[in-house]
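Here's the structure we're looking at; comments come further down.
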Amino acid sequence: MEAAVHGVEGAVLPNVYQNGFNSTKEAAPQEEPEPELFLEEPQPCQTRSYGLVTRILAADTNSPYDVLGVNWKMSTDNMKKRYWKLSLLVHPDKCPHPSAQEAFVKLNNAFKDLQDPDKRGAIDEKIKKKDEMEQFEIELKAMREAAEWRRLQGISLAGDEELLAGPKEAQAPKRDEWMTTLPPERKAGVPMHSSFSMNGKEGRGDTSVWTDTPLDRAQKAQQSYLEAYNKTKAIAEGDDVKSKNLDASIVDKYNTSKRSVSLVQKHRDSKKEKKKQKQHEKEEWEGNHPWKPWDREKDLSAGRQKIIIGRANCTVPSSRRELKTPMYKWQDL
């Protein structure tokens, strides 16, 4: 045992000696290793919010239940709690995801649609119909499998043939005859409108005949018929009006020439004659009497003078004789 230890130690001694000898030399400067790059792992809460944002953006906008991630049979209170929880996780102030704002808006719109009773009722009705169709498909598949099993056993029941026949394959749509036949304007031998004109320029005209369907042609024919009918009716009504006006003028002419005048018309004519007579008498009286009619302002001041009394027109009397004379002057205007 000691020999083994000595052997091991003897083997180790040269290395120790060599290390001690090398330690006396100056140690060469060693370069520091570069720090390793570590990616910051997202926290569990952040990872969950990222997943919610991705799921909300991928959900169908027309299905608010998928956006909220709830069943359509969930109560309103539980759905509200679910919305509060998701809105806190997806809120752009708390979630660093670049599309958090878009997901938050989509979540709010989905919750508003579910809060509206009418919109939620319509969505629930669509989901019910979809579930009923899926259930019907499952039952139909089971009935077909049972009918196939009975056919293999040689048993036949009423309705098995219809079940085994399966749905009829939809026939490929075929083209109508008007789609494959050319109109008269486009048949062989007729010059094409796309050919060049050497002599003159001509318009293409009505090109709707190239693309009109039979329904369009029928509607255009009906429209043209109505326009022609209205035009003919207007002409006939104009002729009737002319004939009525002609008859009315003939009747009026006969009435004025043959029929006696009514009492009302006689009274009106007499009033007109009296008025004309008074006007004529007035004109005759003014012509036979050339003097002017009475005018109060002019006739009362005729031949009279206006007296202007003022300090400038007054004079101081120098003697007793002058006192007998008036102290004002008469002036003619």
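Take the Cα of Glu132, step 7 Å toward its Cβ, do the same at Arg268, and the gap between the two points is 8.0 nm. Taking every C-alpha pair closer than 8 Å and separated by at least 6 residues, the mean separation divided by the residue count of segment 44-115 gives a relative contact order of 40 percent. All Cα-Cα distances of segment 44-115, cut into 5 Å bins from zero to the largest, leave 3, 19, 32, 25, 15, 6, 1 percent in each bin in turn. Measuring r between the beta carbons of Asp118 and Ser87 and using R0 = 25 Å, the FRET efficiency lands at 0.60.
About the Cα centre of segment 44-115, what is the dipole size in debye to 20, counting +1 per Lys and Arg Cβ and -1 per Asp and Glu Cβ, all else neutral?
Magnitude of the dipole: close to 260 debye.
Exactly which trypsin sites (Lys or Arg not before Pro) in segment 78-179 are in a DSSP loop and have at most 14 other Cβ atoms within 10 Å? Here the sparse-neighbourhood loop sites are Lys94, Lys168, Lys174, Arg175. Computed from backbone phi, the HN-Hα couplings of segment 257-263 come to 8, 10, 6, 6, 7, 6, 5 Hz, rounded to whole numbers (Karplus: 6.51 cos²θ - 1.76 cosθ + 1.60, θ = phi - 60°; Gly and Pro given as x).
For segment 102-111, 3J(HN,Hα) computed residue by residue from phi via the Karplus equation (6.51, -1.76, 1.60; θ = phi - 60°) reads 5, 5, 5, 5, 5, 5, 5, 5, 5, 5 Hz, glycine and proline entered as x. Longer than 20 Å from Cα to Cα, which of Lys85/Lys112; Lys130/Lys174; Lys81/Lys112; Lys80/Lys126; Lys141/Lys174 are they? Say none if no pair is. Those over the limit are Lys130/Lys174; Lys80/Lys126; Lys141/Lys174. At full extension, Met179 and Val241 could sit 17.3 nm farther apart than now, given 0.36 nm per residue minus the alpha carbon distance.
A short reminder: the numbers here are calculations on the coordinates, not readings from a lab. Note that the coordinates shown come from a computational prediction; the quantities given were computed from them, not determined experimentally. All Cβ positions, glycine included, derive from the backbone under ideal geometry; neighbour counts span all protein chains shown.
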